[in-house]
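Encoded as structure tokens, the structure appears first; notes follow it.
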Amino acid sequence: MANYRTSRILPTILTIVIIIVAIAGLVGLARLIFTGSTSKPPTTDNSQRKLLDSSEGRAVSMTVRGPIVADEDFRSYSVTISPTSRQFQAYTGYLDVITDQETLPNNTAAYEQFVHALNKANMVAGTPLEGEKNNILGVCASGKVYEFSLLNAGDIEEMLWTSTCSGSKGSLKASAAQLSELFLDQIPESADITASLNL
């Protein structure tokens, strides 16, 4: 008699457990399908944290280079913004001979506004490329290349790049024009200098 009860109860319990597991799985799958994943990739969160960090030693920079031409005709420039300073440098030639520069003071409140604006413009949207894919030598020979970097104590922690050439979109998944405007707006009269560089 005991064996008969056990043989009837065990399959019933097993069936109930299977049904509960199946229902839980279906509910989880439905949530994933209908609500999507709300969490961001850890690398994006980490990059955003670095971008918005206004502690000492932090900075952001943009470097723009023009078409690959003769050394005497090659032009590029960089803008570096930190919580204490704003720096613009224009270069000629591939050895980066400085032709124009300006260094201005900055403050933490202004820097925080700036990096939050960069964040809203998706400056860290994208995944840094590795190896040869991240080598920008010779990339977009007839156009412009933009590099956007997160700096710590002068060292590049992360860099995303893009170009004006359709075949070399790079790693940045944001508008280079929008980000460039934000950087140049930090340096009064920089637009006149970059216009003279044809960049």
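Consider SER55 carefully, then state whether it is in the same structural domain as LYS120 (by TED's automatic domain parsing), surrounded by fewer than 10 Cβ atoms within 10 Å (Cβ to Cβ) and either at pLDDT 80 or above or not charged (D, E, K, R) (or both). Considered against the rule, which asks whether it is in the same structural domain as LYS120 (by TED's automatic domain parsing), surrounded by fewer than 10 Cβ atoms within 10 Å (Cβ to Cβ) and either at pLDDT 80 or above or not charged (D, E, K, R) (or both), SER55 comes out as yes.
Listed by first and then second residue, the pairs linking a residue in the range 48-77 that is on the phi > 0 side of the Ramachandran plot to a residue that is part of a strand (DSSP E or B) and not small (Gly, Ala, Ser), with Cβ atoms under 6 Å apart and 6 or more places separating them unless they lie on different chains, are GLY57/ASN152.
Scanning the range 161-196 for residues that are within 22 Å of GLN113 (Cα to Cα) and among the charged types (D, E, K, R) yields LYS173, GLU181, ASP185, GLU189. Of all the residues in the range 64-88, those that are crowded, with 19+ Cβ neighbours inside 10 Å and part of a strand (DSSP E or B) number 11.
The values are calculated or read from the model by the stated rules, or taken from the named source; none is laboratory data. What you see is a predicted model, and the numbers here were worked out from it, not measured in a lab. Here the Cβ is made from the backbone with ideal geometry for all residues, glycine too, and neighbour counts use every protein chain on show.
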